[in-house]
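For reference, the structure discussed in these notes is given below.
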Amino acid sequence: MHPVADGRVPPGAREITTGQANRVWYVDQPSPYVLKHYGDPARAANEAAALRLLAAHHIPAPRLLAIAPGYHPGWTAQTAVHPDPVAAEHLLDELAEPLAAIHQVPGTHFGRLAGARRYPTWPSYLHNRLAHYAAAAPHLAPEAAELHDQLDALAPDPEPRLLHHDLQPGHLVRQPDGTRLLLDWELAAFGDPLSDLARLAVRLRHASTATVAGLAADPGPGAEERLHLYWRIHRLADRALAPGSRSQFRGRS
């Protein structure tokens, strides 16, 4: 446990929240750290597991100082970093090296690292996600069913590898010594590295996956088909879970 962090926001903390689901503060006294409150406590457990795994593999990332995922809200305390943002036009070039390192980290199962159900195969995890999206937005159920059938036909069988699963501008930063690292690991999962690239293409609003395909270090057989399928699944997810969708169904798988 960090000697000061107890989950409460201390006087003088500076809020640096950038997203919608969580609130984040920079605390500089007496020892700098970042305090993060999560809308979903399961995400606190998942990010903590990811940060521990990255530290075990000596991959640059914030280090976990303290955690209380069962609290409401769940929270973590992490080491403070002093980064320079990587410009969006340089994101793909700058991302290649740290992403290759991350995708070499093996997993023990498929799906989120902690705080959620574990899956024995990658297709079983994706089938669950498609069912989740169909339940969240019933008008998209026919498209989810089509993707379900395509997933069965393709039958991807990758080894589980660490995925950031929320790649986007702002999450890759460069520290003053030149080290590049990824922030915000609450959605980390074990799965097919091509899913990380597909999600990135969706976040960048690219019309295809061609722009990110070169980031795949060892794509394996059927890479183009897998990448395109994952891209379609991530696009469906964004539409199904967007604010204002027909249902506010939420799940933690």
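The values are calculated or read from the model by the stated rules, or taken from the named source; none is laboratory data. From a predicted model like this one, the values you see are computed outputs, not experimental measurements. In this analysis, Cβ positions are derived from the backbone assuming ideal geometry, glycine residues included, and neighbour counts consider all displayed protein chains.
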Notebook entry, point to check: Among the candidates Ala217, Ala198, which residue alone is assigned by TED's automatic domain parsing to the domain that holds Asp166, in contact with a helix residue (DSSP H, G or I) (Cβ under 6 Å, 6 or more places away or on another chain), at pLDDT below 95 and within 20 Å of Pro98 (Cβ to Cβ)?
Noted result: Ala217
Margin query: So, in segment 57-104, how many residues would count as being hydroxyl-bearing (Ser, Thr, Tyr) and either at pLDDT 90 or above or more than 15 Å from Leu35 (Cβ to Cβ) (or both)?
Written below: 2
